[in-house]
Every structure is written in C-alpha cells, then in structure tokens.
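The values are calculated or read from the model by the stated rules, or taken from the named source; none is laboratory data. Since we're looking at a predicted model, the values are computed, not measured. Please note: Cβ atoms are built from the backbone with ideal geometry, for glycine as well, and neighbour counts cover all protein chains shown.
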Amino acid sequence: MREPVHRANRKVWRDGAFSEGARLIPEETPLALTYNGGTYAVMMGSPEDLGDFAVGFSLSEGIVQSADEIDTLDIVELDDGIELRMWLKPEKAALIAERRRHIAGPTGCGICGIDSITEAVRPAAVVPAGRSFSSREIMTAMAAVAPLQEINHQTRAVHAAAFWAPGRGIVALREDVGRHNALDKLAGALARDKVVATDGIVLLTSRVSVEMVQKTAAIGAPLMVAVSVPTALAARMADSAGITLAAIARSDGFEIFTHPERVTGAVPGKERTYVVVA
C-alpha cells in the first residue's frame, strides 16, 4: 500500500539566500468509494486508515446506519488511485441503486462531480514558459494578500486565491470557505476581465492539492505560491505541467518544489538550479 508521507527535495529561499534539502510532505491519492459495483464518489485523501474512511464515509452519508450493513470491504490499489469496494447487505442494495449520484466533496478533500479515478488525476494543461520572477517579487506579492482579505478580517475562517502581476500588483482576489471555490472564483474573474495569466503569479492561502494545480494550469499561470505544504501528488502534477510551485511562504522566505529556474535570488548570478526528484 502507498506510504502516507513522501520525501521531496526542494530549494529554499530564506533570509535572502538559497539552500537545498528535503522535506516530508503528505501523499495524496484518489479514493474511489464503490457500492455493489457502482462508483458513488471519488475523494482525494491520504492513503492510510482506508477501512475506517470507507465505513465512516458510509455512515456519515447515511448509506448505512451500522457498519454491520456492509457485507464486505476490499481495498484495491490501482495504478492511479485506490478503490474502496463495498458490498452491502441485500436490504441496502436497492437503496444505494436509487440514491447513486455524483457528490460534491467536502471543502477540503473532495472533487466535485467526479466519479472515476482516471478523471480525478487527469493531466494538467502544460503552461507556457512565461517570465522569470525575483524572490523579492514573490515576497511582495504574498505580503499584499492579507490586507485585501476583507471577509477573512471579519471571520478568520475563509481562504483566498489571488493573482499578482508585475507593475500592477494584486489584479484580483477572491475569498471562499472552500479553497477550491476561491480559486474557481479567481479563474472566473480573470477570464471575465480577459486577463492574460502567463506573466503573473497565483497566490493561495491554503495548502496545495492536486486539483489546485490543475486549476492553476487551466488559468495558465507559470508560478503558484502557497502558505502551506503541497501534497506529493500536487508537486508531481506541477512538475509535469511546467508550473513553478513555491510553498511554505512566510515573512522570511519560501520553498520551491518544482521548476526553480523561474525564480532568481537576491544575489544575481549565484542562483543554482535544483530539480525535484518525484
């Protein structure tokens, strides 16, 4: 079974200088929940304690009222994800056949309207090379986000997704209780205003999961920066999409997980290229 933690090499820019090393980041994988041969939902999650997840999901969704109503549970590892195959007792089989639907995952771990593992891990669009960004520009961009989070100032309970462009600063910022929703709102704002994203940065106040990379690739931004840690699958997806993924952005710096060649340091000519080994 897949390990829940992945060791990733990355390049760090802190206190005005680059260093290199490794960090442990969480694994993320599609988890397909199937009942009596039919897929009910695909959620993104950690590949650990999956039997507990399958039973707990079934109870919280009201599919069963007791774990005893699940006749069998098999955890099957596939190339692109893990299938949690459940067969219900006969009296529940008819109910699940009527109720089967595409569900929208909760605001932290689901993918809306997806019912296959293949679709959940579809390749992201490959972004153009775009321009390079200095570490100072990245720090300036991230520092500009918090003052503009009006809803979060009032509630301390929402995520933000923003787009920063050289010479313009924050072009658009959107907030939502769901990090995916905030990024979708940002994508819509940029599209409606016909903003070309190839020379700017997507900024996130959340962790980076695979669907956040897919959405950023669809926007066309060459660089995404987040305040929290990316999942291993997100880093692999960003690498294949040609996106520079920087994360753990703090007041003293950030860490680059993919395509560091787009980021220049504080001392011109002394930057080193570091390639992430997935």
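Worth pointing out:
- Some residue of region 175-191 being buried (at least 24 other Cβ atoms within 10 Å of the Cβ) and among the β-branched types (Val, Ile, Thr): no
- Put simply, of GLY21, GLY56, GLY45, GLY62 the only residue that is in contact with a strand residue (DSSP E or B) (Cβ under 7 Å, 6 or more places away or on another chain) and without any contact (Cβ under 8 Å) to a residue 24 or more places away in the chain is GLY21.
- The helices (runs of 4 or more DSSP H) falling completely within region 160-270 include none with 2 or more residues that are touching a Pro at 6+ places or on another chain (Cβ under 8 Å) and within 16 Å of THR140 (Cβ to Cβ).
- Criterion applied to ARG2, ARG7 was being touching a residue at least 24 places away in the same chain (Cβ under 8 Å) and not in a helix (DSSP H, G or I), and the one residue passing it is ARG2.
- Total residues in region 10-65, condition in the same structural domain as MET86 (by TED's automatic domain parsing), assigned to a strand (DSSP E or B) and of a type in the set (Phe, Trp, Tyr): 2
- Residue that is nearest to GLN214 (Cα to Cα) [pool: residues in region 95-131 that are loosely packed, with under 14 Cβ neighbours inside 10 Å and modelled with pLDDT of 90 or more]: VAL126
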